[in-house]
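Written out below as structure tokens is the structure these notes cover.
The values are calculated or read from the model by the stated rules, or taken from the named source; none is laboratory data. Here the structure is a predicted model, which means the values were calculated and not measured. In this analysis, Cβ positions are derived from the backbone assuming ideal geometry, glycine residues included, and neighbour counts consider all displayed protein chains.
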């Protein structure tokens with residue numbers, strides 16, 4: 001018959017609050033730790049160099065010509081990554097409009113997010129709609145792409161970005 005663990009060893013095994021050795025607990029009154037976006041809180045852009053992934057993503061994004069769009073999923077397929085990783089990196093794009101992140105839309109062919117905001121009624125997404133309209137890419141009142149001919153699939157994007165990958 002197996003011996004039941006004692007309460008002391010049982011509670012230790014279920015403790016998830018242990019900190020790594022050498023880490024100090026901040027006092028309750030301590031300010032939160034700085035993040036990479038605190039230098040420019042209104043912009044929400046990093047004050048660091050892009051990671052290797054971000055640099056590759058921005059290079060591929062620059063291959064999307066005016067008047068065309070692609071999806072976060074197509075970007076991810078070209079980069080061997082995930083659509084959400086692409087979206088998170090593009091929301092921190094400090095090089096817009098040189099890196100035209102406004103040309104990347106949701107897989108549903110809706111506007112998707114822009115600069116960390118989401119929803120067709122928000123100001124940032126309205127800016128994305130306006131930028132795309134100036135390039136001839138139009139969306140209906142619900143934020144859905146009107147012409148699927150403007151979409152660059154992953155294969156076309158990969159071919160366009162072949163010299164930067």
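Among the listed residues 65, 31, which satisfies the condition of being farther than 17 Å from residue 116 by Cα and at pLDDT below 95?
Details: 65 fails: at pLDDT below 95.
On inspection, the qualifying residue turns out to be 31.
When you scan the stretch 113-120, do you find a residue that is farther than 16 Å from residue 143 by Cα, modelled with pLDDT under 95 and in contact with a helix residue (DSSP H, G or I) (Cβ under 6 Å, 6 or more places away or on another chain), even just one?
Taking the stretch 113-120 first, the residues farther than 16 Å from residue 143 by Cα are 115-116.
Remaining after also requiring modelled with pLDDT under 95: 115-116.
Of the ones still in play, those that are also in contact with a helix residue (DSSP H, G or I) (Cβ under 6 Å, 6 or more places away or on another chain) are 115-116.
Yes, because at least one residue in the stretch 113-120 is farther than 16 Å from residue 143 by Cα, modelled with pLDDT under 95 and in contact with a helix residue (DSSP H, G or I) (Cβ under 6 Å, 6 or more places away or on another chain).
Yes or no: the stretch 52-62 includes at least one residue that is surrounded by 18 or more Cβ atoms within 10 Å (Cβ to Cβ), under 20 Å from residue 127 (Cβ atoms) and modelled with pLDDT of 50 or more.
Quick first cut of the stretch 52-62, residues surrounded by 18 or more Cβ atoms within 10 Å (Cβ to Cβ) only: 54, 56-58, 60-61.
From what's left, under 20 Å from residue 127 (Cβ atoms): 58, 61.
After this cut, where a residue has to be modelled with pLDDT of 50 or more as well, the list is 58, 61.
The answer is yes; a qualifying residue exists.
Do you know which of the residues in the stretch 101-120 that are surrounded by fewer than 18 Cβ atoms within 10 Å (Cβ to Cβ) and part of a strand (DSSP E or B) is nearest to the chain's Cα centre (by Cα)?
If we filter the stretch 101-120 for residues that are surrounded by fewer than 18 Cβ atoms within 10 Å (Cβ to Cβ), which is where we start, we get 107-108, 110, 116-120.
Within this subset, residues satisfying the condition of being part of a strand (DSSP E or B) are 110, 117.
Details: 110: 16, 117: 11 Å.
So the residue we want is 117.
Return a yes/no flag: does the stretch 74-84 have any residue that is assigned to a loop (DSSP other than H, G, I, E, B), within 11 Å of the chain's Cα centre (by Cα) and at pLDDT below 95.
First pass over the stretch 74-84, keeping only residues assigned to a loop (DSSP other than H, G, I, E, B): 80-82.
Pick out the ones that are also within 11 Å of the chain's Cα centre (by Cα) and you get 82.
Then drop every residue that is not at pLDDT below 95, which leaves none.
So far as the stretch 74-84 goes, no, none of its residues is assigned to a loop (DSSP other than H, G, I, E, B), within 11 Å of the chain's Cα centre (by Cα) and at pLDDT below 95.
Output the number of residues of the stretch 84-139 satisfying the condition of being under 24 Å from residue 153 (Cβ atoms) and touching a residue at least 60 places away in the same chain (Cβ under 8 Å).
Looking only at that region, the number is 4.
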